[in-house]
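Engineer: Handing you this structure, nothing more for now.
The values are calculated or read from the model by the stated rules, or taken from the named source; none is laboratory data. Small disclaimer: the values here were computed from a predicted structure and weren't measured. We place every Cβ from the backbone using ideal geometry, glycine too, and count neighbours over all the protein chains shown. Surface areas here come from the heavy atoms of the whole protein model, side chains and all, with no ligands, DNA or RNA. Shrake-Rupley method; radii C 1.70, N 1.55, O 1.52, S 1.80 Å.
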Amino acid sequence: MEDKKIYHGMDNSPSPWMMMSHFSNQLDNTVGVPFTIGDEDYGLYLRPNNKLLFSDVHVIFAWFFVAVSIVSISGVIWFAKHLIQPITKLTEATKEITRENFNYPLNIHRRDEIGQLAESFSRMQVQLQHNDEARKSFINNVSHDFQSPLMNIQGYAELLKTQALDEEHLEYVDIIDQESKRLSNLTKQLLLLTSLDQKSYPMKLGVTRIDKQIKDTVRRHQWRMEEKEIEISYHLPPAPILADPELLMTVWDNLLTNAIKYNQNGGSIFIQISENDDNATVSFKDTGIGMNKEQASKIFERFYRVDAARKKDGTGLGLSIVKHIIELHNGKIEVESEIQIGTTFTIKLPKDKQTEE
């Protein structure tokens, strides 16, 4: 203060953020005045008490900032939830459609683009359900209509086999008989699968000894195993469960015929039942041609047939029916397989309370 003028730091501050640094410990916040005592010149510099000012004003700014942050974050979370929730519902509805469940409720009532998407999705559900019902009805009707002419074809083929035919014509008759039986089996499986899909199959629950059912199935197919010199062994302790015996017989028949059909000559089959307090577990293990992981993941799809098995008799519906029946009993079926080593099917069935209402 050599010029003996009053010094005001704020007048000399070039900072545009003076408001934010108004209470900081800087020279810009200092005021100086000159005075003289005797012949000596002095300067008196004053600065605000930062602690007092901070407690009064900076705290207000701090709480204001915290409040704005909380409101902003809450608003963003609410908006994100409001936006994501209907998308999550649409995702779940899409998954249900892949499971052929066309009645999944959306309950999305909005007037924006997401609401329009949900409305379009609901219309698509209705149309898909209509198409699915029409398809199943068509399959059901056609399968019924096929049975009568197929029975006639089989009857006349059996009659021709009793006639004095040369070897060539007898071979033709055998082909007609085999193919008509194959087509008849396909129509029966389509009828069963359609009934299961429409939940119109009359489930008849009762105490079922699955060990006896499997032994009966083995006896029925004993001749086929002897033809291929397949050795079969089993461990089947008594295992009563609450189930539909007719449907479960379809399961055991499909699994055993597959184990025979795709087994190696001179191979083996092992069937085992194990139990705990809640479930009965049945496994069918064979030493057949096996499958890779990709093929094993698709074998329960309808009409899917593994490439190596296309020359075998089959419709591609058997395992799909098996899976459907197991699920009707609230059970699970899994498969493990390796190429040229074999395949193991494992089924878990609850002992009681099995049907879905």
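Engineer: In the range 238-279, what count of residues is obtained for those that are open to solvent by less than 20 Å² (accessible area, probe 1.4 Å), more than 14 Å from Phe345 (Cα to Cα) and among the aliphatic types (A, V, I, L, M)?
Structural biologist: Going through the range 238-279 one residue at a time, the tally reaches 5.
Engineer: So, one more: How about the range 241-254: which of its residues are in contact (Cβ under 8 Å) with a residue 60 or more places away in the chain and not aliphatic (A, V, I, L, M)?
Structural biologist: Asp244, Thr250, Asn254
Engineer: Which one of these is part of a helix (DSSP H, G or I), without any contact (Cβ under 8 Å) to a residue 24 or more places away in the chain and either open to solvent by 80 Å² or more (accessible area, probe 1.4 Å) or in contact with a helix residue (DSSP H, G or I) (Cβ under 7 Å, 6 or more places away or on another chain) (or both): His109, His130, His144? First the steps, then the outcome.
Structural biologist: Values: His109 fails: part of a helix (DSSP H, G or I); His144 fails: without any contact (Cβ under 8 Å) to a residue 24 or more places away in the chain.
Residue meeting the stated conditions: His130.
Engineer: Within the range 114-126, which residues are among the polar types (S, T, N, Q), free of Cβ contacts under 8 Å to residues at least 12 places away in the same chain and surrounded by 11 or more Cβ atoms within 10 Å (Cβ to Cβ)?
Structural biologist: Answer for the range 114-126, where residues must be among the polar types (S, T, N, Q), free of Cβ contacts under 8 Å to residues at least 12 places away in the same chain and surrounded by 11 or more Cβ atoms within 10 Å (Cβ to Cβ): just Gln116.
Engineer: From the list Ile139, Ile97, pick out the single residue that is surrounded by 12 or more Cβ atoms within 10 Å (Cβ to Cβ), at pLDDT below 80, part of a helix (DSSP H, G or I) and among the hydrophobic types (A, V, I, L, M, F, W, C). Outline the logic, then answer.
Structural biologist: Numbers: Ile97 fails: at pLDDT below 80.
Step by step, each of Ile139, Ile97 is checked, and only Ile139 is surrounded by 12 or more Cβ atoms within 10 Å (Cβ to Cβ), at pLDDT below 80, part of a helix (DSSP H, G or I) and among the hydrophobic types (A, V, I, L, M, F, W, C).
This table checks each residue for (1) assigned to a strand (DSSP E or B); (2) closer than 23 Å to Arg209 by Cβ; (3) modelled with pLDDT of 90 or more.
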residue: Ile269; (1), (2), (3): yes, yes, yes
residue: Met291; (1), (2), (3): no, no, no
residue: Ile299; (1), (2), (3): no, no, no
residue: Phe303; (1), (2), (3): no, no, no
residue: Asp313; (1), (2), (3): no, no, no
residue: Val335; (1), (2), (3): yes, no, yes
residue: Phe345; (1), (2), (3): yes, yes, yes
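Engineer: Among the residues of the range 317-328, is there at least one that is open to solvent by less than 60 Å² (accessible area, probe 1.4 Å), at pLDDT below 70 and either within 22 Å of Ala239 (Cβ to Cβ) or touching a strand residue (DSSP E or B) at 6+ places or on another chain (Cβ under 7 Å) (or both)?
Structural biologist: Within the range 317-328, not a single residue is open to solvent by less than 60 Å² (accessible area, probe 1.4 Å), at pLDDT below 70 and either within 22 Å of Ala239 (Cβ to Cβ) or touching a strand residue (DSSP E or B) at 6+ places or on another chain (Cβ under 7 Å) (or both).
Engineer: So, one more: Determine if the range 215-222 includes at least one residue that is farther than 30 Å from Asp132 by Cα, in contact with a Lys or Arg (Cβ under 6 Å, 6 or more places away or on another chain), open to solvent by less than 40 Å² (accessible area, probe 1.4 Å) and free of Cβ contacts under 8 Å to residues at least 40 places away in the same chain. Walk me through how you get there before you give the answer.
Structural biologist: Going through the range 215-222, the residues farther than 30 Å from Asp132 by Cα turn out to be 215-222.
Adding the requirement that they be in contact with a Lys or Arg (Cβ under 6 Å, 6 or more places away or on another chain) leaves none.
The answer is no; no qualifying residue exists.
Engineer: Kindly provide the set of residues from the range 69-94 that are open to solvent by less than 70 Å² (accessible area, probe 1.4 Å) and over 30 Å from Met124 (Cα atoms), ordered by number.
Structural biologist: Ser69, Ser72, Ser74, Gly75
Engineer: While we're on this one: When only residues in the range 336-349 that are closer than 16 Å to Trp252 by Cβ and among the hydrophobic types (A, V, I, L, M, F, W, C) count, which is most open to solvent (accessible area, probe 1.4 Å)?
Structural biologist: Going residue by residue through the range 336-349, those that are closer than 16 Å to Trp252 by Cβ are 343-349.
Retained after the next criterion (residues that are among the hydrophobic types (A, V, I, L, M, F, W, C)): 345, 347, 349.
Values: Phe345: 16, Ile347: 1, Leu349: 1 Å².
If we take residues in the range 336-349 being closer than 16 Å to Trp252 by Cβ and among the hydrophobic types (A, V, I, L, M, F, W, C), then Phe345 is most open to solvent (accessible area, probe 1.4 Å).
Engineer: In this structure, does Ser283 turn out to be touching a residue at least 12 places away in the same chain (Cβ under 8 Å), surrounded by 13 or more Cβ atoms within 10 Å (Cβ to Cβ) and farther than 20 Å from Leu319 by Cβ?
Structural biologist: No; evaluated as a whole, the condition is false for this residue.
Engineer: Let me ask something else about it. What are the residues in the range 149-185 that are open to solvent by less than 90 Å² (accessible area, probe 1.4 Å), assigned to a loop (DSSP other than H, G, I, E, B) and among the hydroxyl-bearing types (Ser, Thr, Tyr), if any?
Structural biologist: none
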